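The structure under discussion appears below in the form of C-alpha cells.
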Amino acid sequence: MSRKDVGKIVEITKNDFKSAFANPIVTLLLIAIIILPSLYALINIQACWNPYDNTNEVAFAIANLDNGTSVDGVPINIGNELVMDLKNNTKFNWTFVTEEELREGVNNGKYYAGIILPKNLSENVVSITTDDPKPAELEYVVNIKANPVASRLTDAGSNAIYTALNAKIVQFIDLAAYGKLGELQQGLASGAGQLASGGSQLQSGAGQVASGAGQVASGAQKITNGSHTVQQASSQISSGAKNVSQGAQQVQQGSDELQASVDSSLMPNGPVKQYAQSSAQLANGSSQLAYGSSYLAQKSAQLANGSSELAENSALLSQGALSLAAGAQMLSGAATQALFAASGALAASANSLAGITGINETLLGDYFFSPVKLNRHEVFPVPDYGSSVAPFYLVLSMWVGALITCVLIEPKSSVGTPYSPFEMYTGKLLIYVILSILQACVTLIGAQLLGIYISNYPLFIFSAILVSVVFMILIYSIISAIGTVGKGVAVILLVFQISGTGGIYPIEIMPKLFQALHPYLPMTYAISLIREAQLGVVWSNYWPALIILLAIGTITVIVAMIIKEKADKASKYFEEKLEESELF
C-alpha cells in the first residue's frame, strides 16, 4: 500500500510553484498556456459572429435573356422584374452580365455561381393560363470546387430567386383567376336579373290565368244551371211527344173510320154530299196531321234527349276548363316562386363575388405574392450567431487548454522519487487546477470584451470555471495514470467530441456512431451547462448536466488513482523507451 503523507503532497505543490517563477522562460510559457485556450475560443467565435450578414460580398452573376411577351395587349417581362427585385436585394453581390461572361466567370472562379434567365421565361410563365402550359425554367450554374461553404450560400441565393419567380407565377395565375371571378360575378348578376324578370312575367300571367279561371267558373255554373233546365224541358217535350203521338194515332183511326163509313160518290148532289166530301177531306187531312204530329213528336223527343246530353257535356267541359285554369294558376305560382328563389340565390352569389372582385388589384397582388405571413416568436432569443455557437467553442477551448497544459507540463511518475503514486498524483494536481481556473477567467474576460451575449453572469462564470476544472482533472488524471498513452486518449476524445456532442449540428443528423457516443462524452454535458447559463437557464436541463459532470470528475479521480497505483512503473518504463529513441 502506498504512503499517503500530506506533508509530501504539500512539498510537491510548493516545488511546482517555485519552479513556475524561478525562470522567466517558464513563467512566459505558463502565461501563454493560460492565454492560448481563450484565443482559440474567441477567434473562432468572432469568425462565426454573423457570417450570413456578409454574404453581400459573395459574387453572384445574373444573365437576363428574357424577351418578354404580352397579355391582353399589355407587355410583360418577368426577367426584368426579377432583375429589378434583385437590385433592391442586398443579400449577395448581384452582378448582371451576359450569358458568355457568366459561364466563363463561374468556370474560372470569378463568380461562385450564376443564374441564366432564358429567352422564353415570360412566355412560359404566361402559358400557364392557357391550354398548353409550359414550365418556366432557370439555369443555375455553380462552382463547387471554388469553396464548399460559398456553394451552400449561393444555393440559398438561387432558392431566393426560385422562390421569387414562383411567387410571381402564383401571383399571375391568381390574378387571372381573379379576373375570371369578375366575369362570373357579372354573369351571375345578369342571370339573376333575367330570372327575376321572367318571374315577374309569370306572376303577371298567373293573375290573368286566375281571372280567366274565375270567368270559366262563372260560365261553368251557368252552363250547369242551363243543363238542368234543358234536361227538365227535354223530359216535358218527351212526355208531350208521347201525347201527340197517341193523339195522332186516334185522329188517324177516326179518319179511317170516317172514310170507310161514308162514300160521297153515292150521294146526290147537294149540301149533304158536300158535307160528306168535306168530312172525307178533313179525315184525310187529319190523317196527314196525325202522321206529321207523330213524326214531330219523335223528333222533338230526340232533340230533347240530345239537348240533355249536350247540356251534360257542356257542364263537364266547363268543369274541366275550371280545373285546367286552377292547375295553370298553381303551376304559374310555383314556377314564379322557384324563379324568384333562384334569382335571389344568384344575386346573393353575385353580391358575394362583387365583394371579392371589388378589391384593389394592387393590394390583391401583394396578398397573392405572400398570402401567409409567418410570425416568428423566439424562445430565448440570441442577438447574433456568434453567441449561439459560443457554448461549443468555449467548451472546446477548455478541453484544448487542458490538453495543451498537460502536454507541455507533463504529469510526473513516482518511479525514482521519494513519493508514492498517490502523493505524486495529488501533489501536482493543484497547479493544474489553478491553471485551469486562470484559463477560464481569461476566456470569460475575452467573452465580455467580444460582446458575447450572456443571460446569467454569476451562473455563467461558475459554470465556465467548473467545466475548465473538470476537464483539467480529467485529462491530467488520464495522462498521469497511463503516461504518453493518455495523451493519445485525450486527443481521440477530442476528435469524437467535436462531432458527437451536438454543439453545432443537431446530434439527430449525425452518423449513428456519434449518436451512440453522445451520452458518454464529457463535452455533451459541459456544452449543455454553458448553454443554459449563457443563453437562458432551464433548471431541468442544468441540474442533470451539472450532476453528471461532477460525477465524471469524481469517478475519474478515483479510477486514475487506482490505475496509477498499479500502472505507474509500467508507464514509466514505456516513457523511458520512447526517450531512448531520441524521437520523442
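Would you point out the residue of segment 57-83, among those that are modelled with pLDDT under 85 and either assigned by TED's automatic domain parsing to the domain that holds Ile445 or in a loop (DSSP other than H, G, I, E, B) (or both), that is surrounded by the most Cβ atoms within 10 Å (Cβ to Cβ)? Out of the qualifying residues, it is Val58. Screening Ile25, Ile12, Ile43 for residues that are assigned by TED's automatic domain parsing to the domain that holds Val433, among the hydrophobic types (A, V, I, L, M, F, W, C) and within 30 Å of Tyr453 (Cβ to Cβ) leaves exactly one candidate, Ile43.
For (1) under 23 Å from Thr443 (Cα atoms); (2) surrounded by 14 or more Cβ atoms within 10 Å (Cβ to Cβ); (3) at pLDDT 90 or above, each residue gets a yes or a no:
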site: Lys487; (1), (2), (3): no, yes, yes
site: Gly502; (1), (2), (3): yes, yes, no
site: Leu513; (1), (2), (3): no, no, yes
site: Tyr520; (1), (2), (3): no, no, yes
site: Gln534; (1), (2), (3): yes, yes, yes
site: Val537; (1), (2), (3): yes, yes, yes
site: Ser540; (1), (2), (3): no, no, yes
site: Trp543; (1), (2), (3): no, no, yes
site: Leu550; (1), (2), (3): yes, no, yes
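The residues on offer are Phe422, Phe471, and the sole one that is closer than 24 Å to Gln497 by Cβ, surrounded by 15 or more Cβ atoms within 10 Å (Cβ to Cβ) and in the same structural domain as Leu493 (by TED's automatic domain parsing) is Phe471. Looking only at segment 10-23, count every residue that is closer than 15 Å to Ile434 by Cβ and in contact (Cβ under 8 Å) with a residue 40 or more places away in the chain and tell me the total. Looking only at that region, the number is 6.
Specify which of the listed residues (Ile492, Ile498) is surrounded by fewer than 17 Cβ atoms within 10 Å (Cβ to Cβ), in the same structural domain as Gln439 (by TED's automatic domain parsing) and more than 18 Å from Thr556 (Cβ to Cβ).
One residue alone meets the criteria, Ile498.
Can you tell me which residues in segment 84-109 are part of a loop (DSSP other than H, G, I, E, B) and in contact with a Phe, Trp or Tyr (Cβ under 7 Å, 6 or more places away or on another chain)?
Applying the first criterion (part of a loop (DSSP other than H, G, I, E, B)) to segment 84-109 yields 88-92, 97-98, 109.
Of everything in segment 84-109, just one residue is part of a loop (DSSP other than H, G, I, E, B) and in contact with a Phe, Trp or Tyr (Cβ under 7 Å, 6 or more places away or on another chain), namely Phe92.
Here is a yes/no grid of residues against (1) farther than 21 Å from Ile445 by Cα; (2) surrounded by fewer than 14 Cβ atoms within 10 Å (Cβ to Cβ); (3) among the hydroxyl-bearing types (Ser, Thr, Tyr):
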{"position": "Val26", "(1), (2), (3)": "yes, yes, no"}
{"position": "Asn44", "(1), (2), (3)": "no, no, no"}
{"position": "Ala47", "(1), (2), (3)": "no, yes, no"}
{"position": "Thr55", "(1), (2), (3)": "yes, no, yes"}
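The values are calculated or read from the model by the stated rules, or taken from the named source; none is laboratory data. Nothing here was measured: the structure is a model prediction, and the numbers come from that model. Neighbour counts are summed over all protein chains in view; Cβ atoms, including those assigned to glycine, are modelled from backbone coordinates with ideal geometry.
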